[in-house]
Amino acid sequence: MPHAHDNSIIIAGEALPVIDMPIHARWRDAADRRGFDITARVADRYALALTCRQCGELSRTRLFVLMNHQPRCSHCIETAWRQEAENAGIAFLRRDPDSRVYAWYRLLCGHEARRQIGLITRVAAGETGLRCATCHEAVEAAEAQAVGWELVGPDPEGDTNYREYRHVSCGHRQRIARGNVKTQRFDCGGCGVTWVSAPSFIYLFRVLLPNGMRVLKLGFSKNPGSRLQHQLLGDRDLACHVLRVVAMPSGHDAIRAEKRLHANLRRRFPEAVIDATDFAGALTVVTEVYAEWLEAEIQQLLDGIEGDSDDEGA
Ligand SMILES: [Zn+2]
Ligand SMILES: [Zn+2]
Ligand SMILES: [Zn+2]
């Protein structure tokens with residue numbers, strides 16, 4: 001070890017001055033019983049730099065803690081968190097500097113999220129699921145978009161079942177239960193439009209399967225949001241992104257256009273049709289799932305359909 005004066009030890013990125021004072025035998029005994037070696041006295045007369053015998057890394061501990069409690073090695077704790085995150089199917093990124101009980105993780109969908117460390121323990125144990133708020137908001141925004149409204153934000157009155165929406169065609173804002181947006185059972189208080197005769201939609205979703213495979217789901221629905229939630233995914237909490245929703249003048253048009261799309265894609269890109277065994281149990285559908293690389297092609301076909309229905313409406 002270098003000379004004790006003008007000497008410091010770096011712990012967790014912080015240079016702590018070594019205090020040139022004796023290390024008593026009973027301290028060494030206590031450290032020994034608890035699985036540490038005392039490397040130095042640091043920072044002030046009450047702090048120690050301990051080397052963990054488990055991982056060999058340094059951590060800073062109060063003398064009082066060493067003598068009266070079991071000190072915890074911050075490296076070993078973080079290693080356990082990393083392992084736990086891996087077991088939960090996500091990646092530990094870093095601690096939250098503002099909170100001891102939160103950390104930042106990369107979720108399966110690729111988004112970063114701040115979560116309680118204890119929650120990840122329960123996810124790893126299979127006791128609960130993990131939902132990405134970013135992905136979820138995209139789903140809600142698409143639900144609104146599909147029925148001609150725009151998701152503005154949370155309910156101004158604070159009800160978690162409600163959101164604030166804006167009617168795109170008239171600009172009117174109102175709070176609506178999210179469930180009613182999905183089933184289109186609401187009227188606009190601004191222009192009075194009702195949703196008895198709702199149009200239909202062709203939708204394109206990207207779904208991340210539990211096996212890590214990304215696939216595209218193309219389909220027709222009276223209500224893409226509700227189809228995504230209930231028919232496509234069942235109750236599973238899969239990471240989904242709504243890539244495209246194309247409004248069709250009627251259900252008949254939507255079904256016809258969808259059938260043409262599938263026939264076209266199957267004929268030209270048979271190798272992009274995903275085998276059902278790859279998503280068995282994850283998606284409730286058995287056909288109409290394509291490889292992710294086909295997205296540009298499908299988007300182009302949807303451009304064509306959108307162009308056609310615009311022409312008819314004009
Ligand atoms: Zn350790
Ligand atoms: Zn996400
Ligand atoms: Zn309106």
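Counting only Cα atoms, the size of the stretch 8-72 along its three principal axes is 27, 25, 15 Å, in decreasing order.
Site pair Gln174 and Glu271 shows an inter-label distance of 5.3 nm when each label is modelled 7 Å from Cα along Cα→Cβ. Solvent exposure of the stretch 65-177, expressed per residue, is 56 Å² of accessible area, with all protein chains present and a 1.4 angstrom probe. If I compute solvent accessible area with a 1.4 Å probe over the protein chains, what percent of it on the stretch 75-124 is carbon and sulfur? Exposed carbon and sulfur together represent 48 percent of the surface.
Treating r as the C-beta distance of Glu297 and Arg106 and R0 as 35 Å, the FRET efficiency rounds to 0.75. Approximating the spin labels as points 7 Å out from Cα along Cα→Cβ, the Glu137-to-Ala12 distance works out to 3.0 nm. Taking only alpha carbon atoms, the stretch 1-127 gives an Rg to Rh ratio of 1.07, where Rh is the Kirkwood radius. Counting protein heavy atoms only, the stretch 8-72 has 49 percent of its accessible area on carbon and sulfur, 1.4 angstrom probe.
For the stretch 1-69, the set of chymotrypsin sites (Phe, Trp or Tyr not before Pro) satisfying both a DSSP loop assignment and a count of at most 14 other C-beta atoms within 10 Å is given as Tyr46.
Computed over protein heavy atoms with a 1.4 Å probe, the carbon and sulfur contribution to the accessible area of the stretch 148-197 reaches 46%. Distant-in-sequence amide contacts of Tyr102, defined by a placed amide H-H separation under 5 Å and a gap of 5 or more residues or a different chain, comprise Asp96, Ile117.
Distant-in-sequence amide contacts of Phe186, defined by a placed amide H-H separation under 5 Å and a gap of 5 or more residues or a different chain, comprise Trp195. Anisotropy class assigned to the stretch 148-197 is oblate, per the alpha carbon gyration tensor with a/c at or over the 1.5 cut-off and a/b no larger than b/c. In this structure the amide hydrogen of Ala40, modeled in the peptide plane, comes within under 5 Å of the amide hydrogens of Ala49, none closer than 5 places in sequence on its chain. For GluC sites (Glu not before Pro), the sites in the stretch 112-172 that DSSP calls loop and that have at most 12 other Cβ atoms within 10 Å are Glu127, Glu157. Among the protein heavy atoms, those of Met213 account for about 60 Å² of accessible surface (1.4 Å probe, every chain in place).
The values are calculated or read from the model by the stated rules, or taken from the named source; none is laboratory data. Everything numeric in this text was worked out from a predicted model, so none of it was measured. Positions of Cβ are generated from backbone atoms using ideal geometry, with glycine treated the same way; all protein chains shown enter the neighbour counts. Ligands, DNA and RNA are stripped out before the accessible areas are found, and what is left, the full protein with its side chains, is counted by its heavy atoms. Shrake-Rupley method; radii C 1.70, N 1.55, O 1.52, S 1.80 Å.
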